Amino acid sequence: MGIGGAALATAPLLAACGGSSTAAASGVGTTTSAATTAASAIAGSSVSGGKAFDWMQAKGKTLRMLRTPHPYVSAFDSAGLFKDFTAKTGINIAFDDIPEGDYFTKLTSELSGSSSTYDVFMTGAYFIWQYGPPGWMEDLAPYITDSSKTSPDYNFEDIFEGLRTSTRWDFKKGSALGSGGQWAIPWGFETNVVAYNKEVFDKKGIKPATTFDNFIQLATDLTDKSAGTYGVAFRGSKSWATIHPGFMTQFTREGGKDYSFADGQYTATMNSDKAVAFTKKWADLAKTAGPSGWTAYEYPNCTQDLADGKAMMVYDADSATYPKFKGTKVAGKLGWDAGPAGPDGSYGTNLWTWSLAMNKAAKDDNKLAAWLFIQWATSSEVLSKAAASGSFADPVRKTVFDGAFKTVIGSSYPGYLETFEKVIGSTKIQFTPQTQFFDTTEAWAGALQDIYGGADAKTSLDALAKANADALNNN
C-alpha cells in the first residue's frame, strides 16, 4: 500500500505498507456536492470558554484532493463521510484517484511543477524528506496552534507520539524527527509485527517465538517445502519497501542502526557487527524458511501466501493481514504477535503512515478550507466513524483505538489488540531522516539480495555503507 522510489527527478515506484509494483485498476473519482440550506442549518461548531469555533468560515470554497485507493479512503467513501464534511463546513471537495503504482509519479509531477491543481494530498512520512526541502509542502504547525482555525476539540496530542514526530522535521542534516515544521497529519497507519496461522500453532502446541534465534528455529521447523508450506513470509524485492517493514523492525530490536551523525558528516552503520550478524541471519532465514522466488516477493505475495495457508507466519504490516481473517482459506484461524523482542527486551517497531498534507502552491484563499478538511478528516469524531466501518487501518489516535477500534476488533482477532498495545509505545520511524532515502534504502535491499545469493555479508555491507555515506555527505 504505498510507493517506493528513487530521487526527485525519478518518482518513486514501489510501495509503503503494500510494496507492490503491480498497479491497481485505474480510476478517477469525483465527489462534489453543493452546500445547501439544510447543510448550513446542521453545520457543526465547537465551543470553548463560551466562544464557538466556526466550521463554516470557508463556506463556498471548492477543494481538490489527490488520493490513492486504500482502506483509509474506502472507509470514508463507504460511510459517506465526505458528504458529512460538506454539510458541516459548506466546502465542496473533489477527488482524483490514482492507482498506487502511478500515484507518486503523478504527485511528484504536480508538486515539482508548482501546480495549484490539488490543495490536499495523501503522502507517506518518508516522502516528506523528498517533498519538504524544496518547499512543496505547507507547514501545518501554525494552523494547529491558531484557535481561530483549529477547533478546541481537535486535541492534536491525542495522536500517538511516534506518529506526530514521524511527520515533523526541520530538514537539517543530522536532526532527528520531531523538530521543525509539521508537514502532514497522520490519517491511518500500520505497525510491523507477526501474523501467524493460529490453527497450525494450536494443533502443534507451539507459541510465537520470543527471541530472534527462536523465531528462526520456529520458522525452520514449520517449513515443509514438499507440502508447499514454509515458515515465514517477508518482502525480498529490490525496493526500499523491503527494508522498512519486518526487516527494519527486527534490525532495530537486535541493536542495529542505519546511520550516525557527527561533525557534520553521516557515517553509515548498517555494517556494524550487530548489523552484519542480523542481516546474515535474515538472508539465511529467507533461504531456509522463506518462499521460493523470495527476491521478487512484495507485500501482496506475502499476505496471499498467508491467506492460502502456504506461509505459516508473515512479518509485515499488522492491518495488512487482518483482512485475511475473513473470506480466505485461513479465515478465523489467524493470530497476531509482536514478534521477537531484542536481546535487551526492545520492541522497537518501524511504522508506515498515510498522512494528509497541504500543497504549498495551493491558492492562498483555499488554504484555510484545506486545513479545515485535514483537521476534520483526522479528528477523533470522524476517525471513530471510519474505524466503526471495520475497514480502516490502525487508528492514529488513542481515543479512537480505545473506543471504536477496540469495539470493532473485540476478541475476534486473537492477539491483535494486545500486540498493538505492546508495541505502540516504541513504534516510530526507525530510520534516520535524510533526503537520499529512496536511493540509499533501495541499495540496501540490493545488498540484502546479494547476501541471500551467497555474497559475504560483511563485504557487501561495508561496500553499501561506504556508498551510502558518500551519497548522503555529497548531497
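The values are calculated or read from the model by the stated rules, or taken from the named source; none is laboratory data. Source: prediction; values computed, not measured. We place every Cβ from the backbone using ideal geometry, glycine too, and count neighbours over all the protein chains shown.
Yes/no per residue for (1) small (Gly, Ala, Ser); (2) in contact with a strand residue (DSSP E or B) (Cβ under 7 Å, 6 or more places away or on another chain):
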residue	(1), (2)
Met56	no, no
Leu63	no, yes
Pro71	no, no
Ala75	yes, no
Ala79	yes, no
Asp84	no, no
Ile98	no, yes
Gly101	yes, no
Ser114	yes, no
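When the range 276-301 is filtered for residues that are more than 26 Å from the chain's Cα centre (by Cα) and not in a helix (DSSP H, G or I), only Ser292 remains.
Picking from residues in the range 189-204 that are closer than 17 Å to Gly246 by Cα and among the aliphatic types (A, V, I, L, M), the one that is surrounded by the fewest Cβ atoms within 10 Å (Cβ to Cβ) is Val194. Exactly one residue out of Ala362, Ala311 is touching a residue at least 24 places away in the same chain (Cβ under 8 Å), touching a Cys at 6+ places or on another chain (Cβ under 8 Å) and among the small types (Gly, Ala, Ser), and it is Ala311.
When the range 213-260 is limited to residues that are in contact with a Lys or Arg (Cβ under 7 Å, 6 or more places away or on another chain), in contact (Cβ under 8 Å) with a residue 60 or more places away in the chain and not hydroxyl-bearing (Ser, Thr, Tyr), the one that is nearest to Val194 (Cα to Cα) turns out to be Pro245.
Do we have Ser384 as over 30 Å from Phe53 (Cβ atoms) and of a type in the set (Gly, Ala, Ser) here? When the stated conditions are applied, Ser384 does not pass them. Are there any pairs with C-beta distances below 6 angstrom linking a residue in the range 152-163 that is in contact (Cβ under 8 Å) with a residue 40 or more places away in the chain to a residue that is β-branched (Val, Ile, Thr), with the two at least 6 apart or on different chains, and if so which? Matching pairs, first to second residue: Asp158/Thr399; Ile159/Val396; Gly162/Thr427; Leu163/Thr353; Leu163/Val396. Exactly one residue among Asp146, Asp84 is part of a helix (DSSP H, G or I) and among the acidic types (Asp, Glu), and that residue is Asp84.
Have a look at Leu383, Leu372 and point out the one that is out of contact with any Ser or Thr (no Cβ under 6 Å at 6 or more places or on another chain) and either in a helix (DSSP H, G or I) or over 16 Å from Glu190 (Cα atoms) (or both).
Leu383
Quick check, is Gly113 crowded, with 20+ Cβ neighbours inside 10 Å and either of a type in the set (Gly, Ala, Ser) or free of Cβ contacts under 8 Å to residues at least 12 places away in the same chain (or both)? Full working, then the answer.
Numbers: crowded, with 20+ Cβ neighbours inside 10 Å: no; either of a type in the set (Gly, Ala, Ser) or free of Cβ contacts under 8 Å to residues at least 12 places away in the same chain (or both): yes.
Against the criterion (crowded, with 20+ Cβ neighbours inside 10 Å and either of a type in the set (Gly, Ala, Ser) or free of Cβ contacts under 8 Å to residues at least 12 places away in the same chain (or both)), Gly113 does not qualify.
Taken over the range 213-251, the criterion of being of a type outside the set (Phe, Trp, Tyr), under 27 Å from the mean Cα position of the chain (by Cα) and part of a strand (DSSP E or B) is satisfied by Gly231, Val232, Ala233.
From the list Ser179, Ser260, Ser237, Ser272, exactly one residue is under 16 Å from Ile429 (Cβ atoms) and among the polar types (S, T, N, Q). Which is it? Before the answer, list the steps.
Working: Ser260 fails: under 16 Å from Ile429 (Cβ atoms); Ser237 fails: under 16 Å from Ile429 (Cβ atoms); Ser272 fails: under 16 Å from Ile429 (Cβ atoms).
Of Ser179, Ser260, Ser237, Ser272, the one residue that is under 16 Å from Ile429 (Cβ atoms) and among the polar types (S, T, N, Q) is Ser179.
With respect to the conditions (1) surrounded by fewer than 20 Cβ atoms within 10 Å (Cβ to Cβ); (2) within 22 Å of the chain's Cα centre (by Cα); (3) over 28 Å from Ser319 (Cα atoms), Thr105 falls short on a single one, namely (3). Taken as a whole, the structure leaves Tyr416 outside the set of residues that are of a type in the set (Phe, Trp, Tyr), within 19 Å of Lys281 (Cα to Cα), at pLDDT 95 or above and crowded, with 20+ Cβ neighbours inside 10 Å. Within the option set Lys172, Lys88, Lys83, being among the basic types (Lys, Arg) and in contact (Cβ under 8 Å) with a residue 60 or more places away in the chain holds for one residue only, Lys88.
Please tell me if Tyr118 is over 21 Å from the mean Cα position of the chain (by Cα) and part of a helix (DSSP H, G or I). Here the answer is no, as Tyr118 does not meet what is asked.
Let's see how each residue does on (1) surrounded by fewer than 21 Cβ atoms within 10 Å (Cβ to Cβ); (2) small (Gly, Ala, Ser):
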{"position": "Arg253", "(1), (2)": "no, no"}
{"position": "Thr267", "(1), (2)": "yes, no"}
{"position": "Lys287", "(1), (2)": "yes, no"}
{"position": "Gly327", "(1), (2)": "yes, yes"}
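Scanning the range 430-450 for residues that are surrounded by 22 or more Cβ atoms within 10 Å (Cβ to Cβ) and among the aliphatic types (A, V, I, L, M) gives Ala445, Ala447, Leu448. On the stretch given as the range 185-209, residues that are polar (S, T, N, Q) and in a helix (DSSP H, G or I) total 0.
For beta carbons closer than 9 Å, sequence separation of 6+ or different chains, a first residue in the range 413-425 that is on the phi > 0 side of the Ramachandran plot and a second that is among the hydroxyl-bearing types (Ser, Thr, Tyr), the qualifying pairs are Gly415/Tyr196. Just one of the listed residues (Phe160, Phe212) is assigned by TED's automatic domain parsing to the domain that holds Ser112 and under 26 Å from Arg253 (Cα atoms), and it is Phe160.
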